[in-house]
Amino acid sequence: MGNKKITILKLSAAVAGMYLFSFALVPLYDVFCDITGLNGKVAQTSNAESSISVEGREIGLQFISHNNAGMPWVFKPSKEVSKIKTGTLYEATFYAKNTTDKMMTGRAVNSVAPSNAKDYIKKIECFCFAEGIELMPGEEILLPIKMVVDDELPDNIKNIVLSYTIFDSKIEHNLTMDHDSDHMGS
Amino acid sequence: MSAVIENHHDDHGHHGPAKGLKRWFYTTNHKDIGTLYLWFSFAMFLIGGAMAMIIRAELFQPGMQIVEPEFYNQMITLHGLIMIFGGVMPAFVGLANWLVPMMIGAPDMALPRMNNLSFWILPFAFFVLLSSLFMEGGAPNFGWTFYAPLSTTYAPPSTTFFIFSVHIMGASSIMGSINVIVTIMNMRAPGMGLMKMPLFVWSWLITAYLLIAVMPVLAGAVTMMLMDIHFGTSFFDAAGGGDPVLFQHIFWFFGHPEVYIMILPAFGIVSHIIETFSRKQLFGYSSMVWAMLSIAILSFVVWAHHMFTVGMPLAAELFFMWSTMLIAVPTGVKVFNWIATMFKGSITFETPMLFACAFVVLFTLGGFSGLMLAITPADFQYHDTYFVVAHFHYVLVPGAIFSIMAAVYYWIPKWTGNMYDERLGRLHFWLSFIGVNVTFFPQHFIGLAGMPRRIPDYALQFADWNMVSTAGAFLFGFSQVFFLFIVIKTVMGGKKATGEVWEGARGLEWTVDSPAPYHTFGTPPKVS
């Protein structure tokens with residue numbers, strides 16, 4: 001029969017390897033989502049010219065905004081629903097205001113529905129690509145989006161919803177935990 | 001399999017167990033440690049069961065009667081964690097400790113001191129987990145699946161203790177698995193090739209590999225939670241660039257193999273019992289081995305069927321639906337083989353056989369509801385309803401737990417030297433069988449009708465079946481106290497068992513005396 005020590009070493013290496021693998025899943029997941037677009041996030045493109053054409057069709061476009069729990073900013077699209085033409089450059093803005101009396105950094109995360117429309121939305125500019133949006137106390141800002149919806153968009157998609165959630169990117173976990181335990185009524 | 005055994009009685013006496021409590025703290029004997037694991041899991045089974053009684057008592061009628069919603073959430077969380085990590089898994093490890101060395105003709109486990117350590121850290125893990133009930137903010141309340149950010153940003157402070165207890169449980173499982181694999185790979189009796197190993201040994205070999213592959217991933221997941229909570233990282237926090245859905249992927253990458261960890265040893269046990277009481281050789285031994293291997297491999301590519309509603313693209317939903325349904329094929333092979341083994345056998349229905357037959361029928365039923373859940377479009381309706389609760393309780397209670405009870409009745413004469421009381425055993429079986437079905441079958445109905453899981457109150461139209469379910473739960477719960485009585489009675493005394501115990505039982509463990517001597521197979525038996 002085999003050598004016990006070798007078996008033990010192999011198995012311990014497997015344990016260590018799987019532990020590291022669990023952490024490797026974090027970047028792997030991002031890469032996988034980037035390649036496949038499974039999580040509905042639209043990436044930035046510099047080359048949207050190829051999508052611009054003259055004979056587009058009309059589709060509905062809706063912007064939705066959410067504030068993550070505990071994020072006090074005012075955050076909303078300047079225009080919620082619009083009709084746009086595919087193949088035409090479209091510009092829109094979101095309004096944001098820091099309603100608190102301290103400087104804050106927000107971060108917007110985007111999502112597309114239906115998710116298979118994702119590949120046909122070419123964003124040239126979006127505030128959602130920024131790592132952080134810094135606003136002084138009381139400061140307001142108009143956040144820009146520039147995009148083209150490709151003509152190749154499948155015919156069965158007649159409406160696109162772009163959703164943005166604003167997060168406080170410097171949130172203190174301990175603060176929220178204290179806040180929550182107040183509600184526990186233990 | 002036939003075997004020629006020389007029983008070595010000459011080293012008795014001068015090398016028996018130590019006296020008193022020290023025996024249990026210091027022991028490195030696989031039989032002692034197996035006993036410790038089994039009693040520990042029984043204790044956890046009763047504690048987790050008491051929590052289930054609180055849950056069912058609250059659900060007896062609509063409206064809030066007995067507990068606060070916060071406490072109810074703590075109960076469902078701890079019930080799940082304790083039954084999985086404290087009840088089912090240690091019970092199987094205990095059986096492995098007792099049986100694997102005897103079945104392969106080895107004198108002990110390969111790493112006896114690590115064996116002692118891997119048991120004795122378990123009580124501390126569960127002490128830490130249970131103590132969180134008395135902490136400020138209460139015990140973990142986010143369900144046994146502890147999805148982030150519910151378990152990070154919004155969790156009670158005791159979550160840190162939960163994380164450490166999961167780390168300790170993981171360390172214990174990993175050490176136990178290494179021990180099992182090293183024992184099986186290096187210490188089999190001469191002549192016992194891999195394809196001659198008893199199926200329980202095979203099932204544990206595969207289970208141990210699964211544990212080695214996924215317990216470190218669980219440890220990684222809770223470590224990331226710990227860092228998100230205390231060290232300002234953002235693995236699962238979208239505000240910092242993380243992704244909460246990533247948590248679900250990592251969790252279920254562990255979680256799905258975990259459910260097979262809790263059923264593969266049961267497959268092994270049931271194969272032995274059906275073979276013995278049908279008085280026939282098991283039908284399709286090698287297909288049983290291959291079926292278990294394919295189930296184990298497939299378990300790594302089906303995890304996202306737990307999260308169909310999370311917003312996956314069509315291609316992924318289809319892939320996970322089909323890969324999940326594919327698992328029904330090897331499972332079907334196993335069920336077919338068990339039935340083919342019984343076919344034209346001279347069957348008698350002693351208590352272990354009753355439990356094994358109930359296992360085959362009810363586990364298959366749980367498998368069928370699993371197939372229903374695997375249908376992606378249907379799952380959008382069933383997701384997070386009582387139908388899911390009914391499904392996994394059917395595969396875990398009359399599946400895993402019935403197999404453990406069957407194993408206890410089947411091997412307890414070998415462990416104690418005494419026969420259990422057959423009349424009481426059958427009574428326990430029928431009470432459990434009726435109890436389990438009255439409890440969980442109605443949950444299919446209320447689930448399909450739309451009752452959500454993890455809710456302490458419910459709409460009026462679910463009232464009748466919930467009342468039935470609670471009545472069944474108390475019947476099942478109290479019959480397990482009766483089981484405790486039967487086990488203690490058997491340990492204390494009873495009709496003496498022969499070495500063979502069961503007419504026509506196959507396997508090396510039946511070739512030694514009953515009770516099994518403290519040391520067996522000091523000289524390896526020859527397997528032909």
Placing one equal point scatterer on each C-alpha of the range B:3-527 and summing with Debye, one gets log10 I(q)/I(0) at q = 0.07, 0.08, 0.12 Å⁻¹ equal to -0.38, -0.50, -1.17
For the residue A:81, residue B:375 Cβ pair and Förster radius 30 Å, calculated FRET efficiency rounded to 0.05 is 0.25
Fewest-first ordering of B:423, B:23 by Cβ atoms within 10 Å yields B:423, B:23
Hull volume per residue for the range A:49-171, using the convex hull of the C-alpha atoms, in Å³ is 95 Å³
Cα-based Rg then Dmax for the range B:313-386, in Å, read 16.3, 53
Output ordering of A:134-146, B:165-177, B:502-514 (per-residue mean of other Cβ within 10 Å, highest first) is B:165-177, B:502-514, A:134-146
Per-residue average of other protein chain Cβ atoms inside 10 Å, peptide B:209-217 -> 4
Taking the range B:246-349, the whole-percent share of alpha-carbon pairs separated by over 23 angstrom is 39 percent
Sorted on mean Cβ neighbours within 10 Å (highest first), peptides B:115-121, B:16-22 come out as B:115-121, B:16-22
For residue A:66, the residues 5 or more places away or on another chain with a placed amide H closer than 5 Å to its own amide H are A:164, A:165, A:166
For the range B:227-270 the chymotrypsin sites (Phe, Trp or Tyr not before Pro) that pass both the DSSP coil test and the at-most-15 other-Cβ-within-10 Å test are B:231
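Kirkwood hydrodynamic radius for the protein assembly as shown: how many Å is it when counted over pairs of different Cα atoms?
Roughly 27.9 Å, rounded to one decimal.
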Once both label points are put 7 Å beyond Cα along the C-beta direction, the residue B:297-residue B:150 separation in nm becomes 3.5 nm
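Considering every pair of different Cα atoms, what Kirkwood radius, in Å, is found for the range B:324-482?
Mean inverse Cα-Cα distance, inverted, gives 17.0 Å.
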Binned at 10 Å from zero, the C-alpha pair distances of the range B:388-501 give percents of 13, 38, 25, 15, 8, 1
Highest mean packing first, using Cβ neighbours within 10 angstrom, the peptides B:100-106, B:36-42, B:425-431, A:29-35 sort as B:100-106, B:36-42, B:425-431, A:29-35
On the formula 1/(1 + (r/R0)^6), with r taken between the Cβ atoms of residue A:57 and residue A:89 and R0 of 22 Å, the FRET efficiency rounded to 0.05 is 0.90
Averaged over all viewing directions, the convex hull of the alpha carbons in the range B:456-528 casts a projected area in nm² of 9.9 nm²
Counting Lys and Arg as +1 and Asp and Glu as -1 over every other residue whose Cβ sits under 15 Å from the Cβ of residue B:288, the net charge comes to +3
Taking Lys and Arg as +1 and Asp and Glu as -1, residues besides residue B:110 with C-beta under 13 Å from its C-beta add up to +3
Going through A:122/A:170; B:489/B:526; B:280/B:489; A:83/A:122 one by one, the pairs whose alpha carbons sit over 25 Å apart turn out to be A:122/A:170; B:489/B:526; B:280/B:489
For the range B:325-397, listing chymotrypsin sites (Phe, Trp or Tyr not before Pro) in a DSSP loop whose Cβ sees at most 11 other Cβ atoms within 10 Å gives B:343
So, relative contact order of chain B in percent, Cα under 8 Å, 6 or more apart, is 20 percent
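Tell me what chain B gives for mean residue ellipticity at 222 nm when only DSSP H runs of n ≥ 4 count, each as -39,500 (n - 2.57), the sum divided by the residue total, rounded to 500 deg cm²/dmol.
Here the helix-only value at 222 nm equals -21000 deg cm²/dmol.
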For the range B:91-198, listing trypsin sites (Lys or Arg not before Pro) in a DSSP loop whose Cβ sees at most 11 other Cβ atoms within 10 Å gives none
Checked against a 25 Å limit on the C-alpha separation, the offending pairs among A:4/B:334; A:5/B:19; B:19/B:414; B:196/B:334; A:4/B:22; B:31/B:334 are A:4/B:334; A:5/B:19; A:4/B:22; B:31/B:334
Expressed in angstrom and rounded, the centroid-to-centroid distance over alpha carbons for the range B:50-113 and the range B:347-425 is 15 Å
Here the range A:118-131 yields Karplus 3J(HN,Hα) values (6.51, -1.76, 1.60; θ = phi - 60°; whole Hz; Gly and Pro given as x) of 3, 5, 9, 9, 9, 9, 8, 9, 7, 5, 6, 7, 6, 5
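Laboratory data are not the source of any read-out in this text; all were calculated from the coordinates shown. All values derive from a computational prediction rather than experimental measurement. Note that each Cβ is placed from the backbone with ideal geometry, even for glycine, and that neighbours are counted across all protein chains shown.
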